[in-house]
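Each reported figure results from applying straightforward, stated rules to the coordinates on display, with no laboratory input. None of these values were measured; they are calculated from a predicted model. Cβ sites come from the backbone with ideal geometry, for glycine too, and all protein chains shown count toward neighbours.
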Amino acid sequence: MATFLYKLGRLAFRRRHFVALIWVALLTLAGVAAASAPAAGSTSFSIPGTEAQKAFDLLDQRFPGSSSDGATARVVFKAPAGEKMTDKLNKAAVKKTVKELADGSEVTSVTDPYKQHAVSKDGTVAYASVRYDVSGTELKDSSRNALEAAGHDAQKAGLTVEVGGDALQSGAAAGGAGEAIGLAIAAVVLVITLGSLVAAGLPLLTAIIGVGIGVSTITALAKTLDLGDTTSTLALMIGLAVGIDYALFIVSRYRGELAEGRDREEAVGRAAGTAGSAVVFAGLTVVIALAGLSVVGVPMLTKMGLAAAGTVVVSVLIALTMIPAMLGYAGRRVRAAGEKRRPHAAAARQDKPGLGARWASFVVRRPAAVLLLGVVGLGAIALPATQLELGLPDDGSQPTSTTQRRAYDLLSEGFGPGFNGPLMIVVDAKDSDAPKAAATKVADEIKGLKDVVTVTPAAFNKAGDTATITVIPDSKPSSVQTEDLVHAIRDQGAGVKADTGAQVLVTGTTAMNIDFSQKLNDALVPYLALVVGLAFLLLIAVFRSVLVPLKAALGFLLSVLAALGAVVAVFQWGWLGGLLGVEQTGPIMSMMPIFMVGVVFGLAMDYEVFLVTRMREAYVHGETPGQAVVTGFRHSSRVVAAAAIIMMSVFSGFITSSESMIKMIGFGLAIAVFFDAFVVRMAIVPAVLALLGKRAWWLPKWLDRALPNVDVEGEGLRALSDKNAGKDDEDRELVRA
């Protein structure tokens with residue numbers, strides 16, 4: 001591996017014009033394809049294998065033309081103080097609004113509150129339901145604008161009008177002020193770390209090119225592959241972070257090789273062969289973790305993971321080829337100002353113990369105390385994760401400044417909290433001798449259950465073999481009581497089928513969310529086993545050790561649990577919520593645990609590979625285990641710390657998003673990187689290695705013989721470098737002759 005990348009780096013350095021032209025051409029091609037691609041349409045959300053999805057599919061078959069996946073909206077009206085919605089003037093204003101809504105080109109139906117019993121018992125709140133023939137992501141802006149404007153006349157009449165539902169949903173915006181600030185912080189960190197504007201600019205430039213290619217490709221394929229807005233957001237988030245970090249590691253190693261007196265081409269080759277090898281294996285762990293999301297069985301997660309993994313692959317390829325090419329253009333300007341004036345200053349500074357080396361020496365002297373403090377500290381932060389409640393965001397999790405949230409609150413006030421999460425019961429009576437009797441039996445039994453407020457009469461399809469029943473719970477959609485009610489209805493459905501032959505299925509947004517959370521919970525352990533297992537085998541080959549990869553995996557679990565604990569404390573309990581702009585606490589997004597495991601594991605292994613490979617390199621070259629830990633920190637800790645701060649800055653930029661899901665992901669990843677880089681990799685890892693001593697690098701002989709020699713330390717480069725140096729001397733002699 002090291003030899004191949006060494007040759008690739010030198011080739012890219014010599015053919016820099018060709019390499020740069022290829023990447024610019026790819027960026028241009030991807031940009032043109034994205035600009036000319038058709039607009040992305042409906043982004044389907046399905047959960048194969050769940051009861052809610054089965055019922056949803058059955059509705060499409062048995063109720064053709066019902067647009068069961070179409071967008072819906074609820075226009076909620078509240079009468080002025082002291083008045084009722086049934087008052088003549090208020091009633092006229094509502095009916096006029098309903099008539100205006102029905103004129104929409106994409107509207108299939110609008111209900112009249114006064115004909116559908118959609119007025120609260122106290123008469124102060126009423127609502128009109130609007131259904132469209134396309135999904136919320138496909139809805140035209142003109143339809144959204146008409147929906148928002150429809151209540152203006154009613155407002156002039158003194159009514160409060162708010163709009164809820166998925167008809168107003170819009171794509172999560174990728175990019176913005178927060179991300180720009182994150183990039184600006186990353187630029188400052190790069191300048192401070194590298195001491196050169198040119199050196200700092202290279203990682204930013206190549207990362208932006210890589211993300212541009214990745215995100216543009218996703219945009220170009222969005223319509224064809226049914227990719228959602230969050231797909232490109234994740235690719236942007238991960239691509240920027242790893243793109244900057246991978247380039248930083250190679251540029252930093254190149255500067256170190258220059259400081260040791262090597263010429264530019266040789267320095268590029270050795271940087272690509274050593275740091276580039278670490279980049280390849282770090283990138284592989286990220287790709288494994290992201291692509292592994294496909295085992296969950298949720299198409300949306302699969303697409304997000306594969307798209308982000310593709311962007312990471314592009315980032316790795318750019319780091320291995322375009323960075324050497326750019327270094328060819330930059331020349332020695334990548335050095336800090338002091339290094340240019342004093343060429344041997346960098347080499348002297350490398351031998352001088354810095355903050356990282358002094359910290360490593362302290363840890364090696366007191367490993368047990370550092371290990372205990374790190375584990376206990378992260379364990380304490382992880383405690384809130386034991387109270388983790390999962391769910392999916394709805395209008396109730398929106399900021400109070402939005403009309404969706406105000407509509408949600410008005411409906412809860414007028415009709416009860418469960419009204420915002422109705423359950424749809426589908427009775428498949430095709431195999432029943434008495435379909436109507438079966439549906440009536442289902443409705444009667446549900447009425448007797450706890451936490452049920454309303455059960456509507458069964459509505460049959462034209463064939464008379466399938467009925468739908470709407471159930472209004474007494475508790476809000478995200479509550480444990482509503483989840484228990486869903487399970488209770490399903491349990492009773494088994495008895496109904498035995499008695500009547502009719503199958504009872506529970507669906508609707510609330511049931512779909514419950515099934516989604518359950519599916520993710522069931523997939524978490526198999527996913528962990530697959531991802532950690534594959535990465536464990538990969539790291540055994542990299543480090544030629546069993547205990548080092550085991551320690552890396554256990555450290556990751558500790559950091560991700562601590563990060564989940566922090567997410568629960570902020571987004572579920574509200575700690576520091578005001579500081580982070582969290583206006584509404586509630587259950588943690590269902591996909592957060594498995595998503596965090598996938599992304600953070602890959603990033604955690606980045607730091608493990610970059611930091612520990614330098615320790616492994618020093619140990620292989622004859623240093624004692626304790627000395628090797630200090631040497632690894634002297635060479636890598638500054639760059640790894642800078643890389644972690646950059647990742648945290650990029651992820652933190654997404655905390656400013658108005659989308660609760662994006663905000664939560666940004667915070668979770670940022671805090672996870674902090675815990676993993678600065679607590680696990682910078683404290684727990686050196687402490688464990690110091691305690692293990694030589695045993696840390698133990699590998700059974702039979703396994704050592706079976707594993708391929710990936711040579712991340714670059715041992716094979718010495719002979720190759722000497723050979724190239726001799727050839728260069730011969731070329732110079734021929735020129736003189």
Calc'd 3J(HN,Hα), the range 320-335, phi into Karplus 6.51 cos²θ - 1.76 cosθ + 1.60 (θ = phi - 60°), Hz, glycine/Pro = x, comes to 7, 10, 6, 4, x, 5, 5, 5, x, 6, 6, x, 8, 6, 6, 6
Rounded to one decimal in nm, the spacing of the 7 Å Cα→Cβ label points at ARG15 and GLU583 is 5.5
Restricting to lysines and to Cα separations under 23 Å from LYS7, and discarding same-chain partners fewer than 8 apart, the set is LYS723, LYS727
Two pseudo-spin positions, 7 Å from Cα along C-beta at ASP263 and at GLU413, lie apart in nanometres by 7.9
Here, ARG333 and GLU148, labelled 7 Å along Cα→Cβ, have an inter-label distance in nm of 4.6
Over the chain, the sum of -39500 (n - 2.57) across DSSP H runs of at least four, divided by residue number and rounded to 500 deg cm²/dmol, gives at 222 nm -21000 deg cm²/dmol
Whole-Å distance linking the alpha carbon centroid of the range 562-597 with that of the range 629-692 is 18
Excluding residues fewer than 8 positions from LYS694 in its own chain, the lysines with Cα under 19 Å of it are LYS551
Counting only DSSP beta bridges fully inside the chain, the antiparallel percentage to nearest 5 is 95
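Sort GLU138, GLU608, GLU617, GLU260 by Cβ crowding within 10 Å, fewest neighbours at the top. Before the final figure, lay out each step's value.
Values: GLU138 18, GLU608 31, GLU617 21, GLU260 12.
Neighbour counts put them in this order, fewest first: GLU260, GLU138, GLU617, GLU608.
How long are the three semi-axes of the equivalent ellipsoid of the chain, in whole Å, if each is the root of 5 times an eigenvalue of the C-alpha gyration tensor, listed from largest down? Provide the component values of the computation, followed by the final result.
On the way: eigenvalues 654, 150, 108 Å².
Working through the eigenvalues yields semi-axes of 57, 27, 23 Å.
Above 21 Å lies some portion of the pair distances; for the range 423-507, what is it as a whole percent of all C-alpha pairs? Please list the in-between numbers first.
Values: 800 of 3570 pairs.
It works out to 22 percent of all Cα pairs.
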With the 8 Å Cα cutoff and a minimum separation of six or more residues, the range 72-168 has a relative contact order in percent of 45
If amide H atoms are modeled at 1.01 Å from N in the peptide plane, then the residues at a separation of 5 or more from TYR127, or on another chain, having amide H under 5 Å from its own are PHE77
Relative to the compact-globule estimate 2.2 N^0.38 Å (N residues), the Cα gyration radius of the range 72-168 stands at a ratio of 1.02
Surpassing 18 Å at the alpha-carbon level, of the pairs LYS441/LYS462; LYS115/LYS156; LYS436/LYS497; LYS95/LYS156, are LYS441/LYS462; LYS115/LYS156
Taking a straight Cα-to-Cα line shorter than 23 Å from LYS140, and setting aside same-chain lysines fewer than 8 residues away, one finds LYS96, LYS99, LYS223
Set LYS303/LYS663; LYS303/LYS519; LYS447/LYS519, cut-off 22 Å on Cα-Cα distance; pairs above it are LYS447/LYS519
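Taking the highest mean first, how do the peptides 672-678, 142-148 order by number of other beta carbon atoms within 10 angstrom per residue? Write out the running numbers ahead of the final one.
Details: 672-678: 25.3, 142-148: 16.7.
By packing density, highest mean first, the sequence is 672-678, 142-148.
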So LEU225 and LYS140, fully extended at 0.36 nm per residue minus their Cα-Cα distance, gain in nm 28.5 nm
Inter-part gap, Cα centre of the range 180-242 to Cα centre of the range 413-436, in whole angstrom, is 47
Taking R0 as 45 Å and r as the Cβ-Cβ distance between ASP484 and LEU703, the FRET efficiency 1/(1 + (r/R0)^6), rounded to the nearest 0.05, comes to 0.35
Percent relative contact order for the chain, counting Cα pairs under 8 Å at least six residues apart, stands at 19
P(r) over all Cα-Cα pairs of the range 92-142, 5 Å bins from 0 to the longest distance, whole percent per bin, short to long, reads 4, 20, 26, 21, 14, 10, 4, 1
So LEU524 and LEU383, fully extended at 0.36 nm per residue minus their Cα-Cα distance, gain in nm 48.9 nm
Relative contact order in percent for the range 423-507 (Cα pairs under 8 Å, 6+ apart) equals 42
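Let me know the Kirkwood hydrodynamic radius for the range 463-572, please, with Cα pairs as the basis and the value in Å to one decimal. Walk me through the numbers on the way to the answer.
On the way: mean 1/r = 0.0550 Å⁻¹.
Taking every pair of different Cα atoms in the range 463-572, averaging 1/r and inverting gives 18.2 Å.
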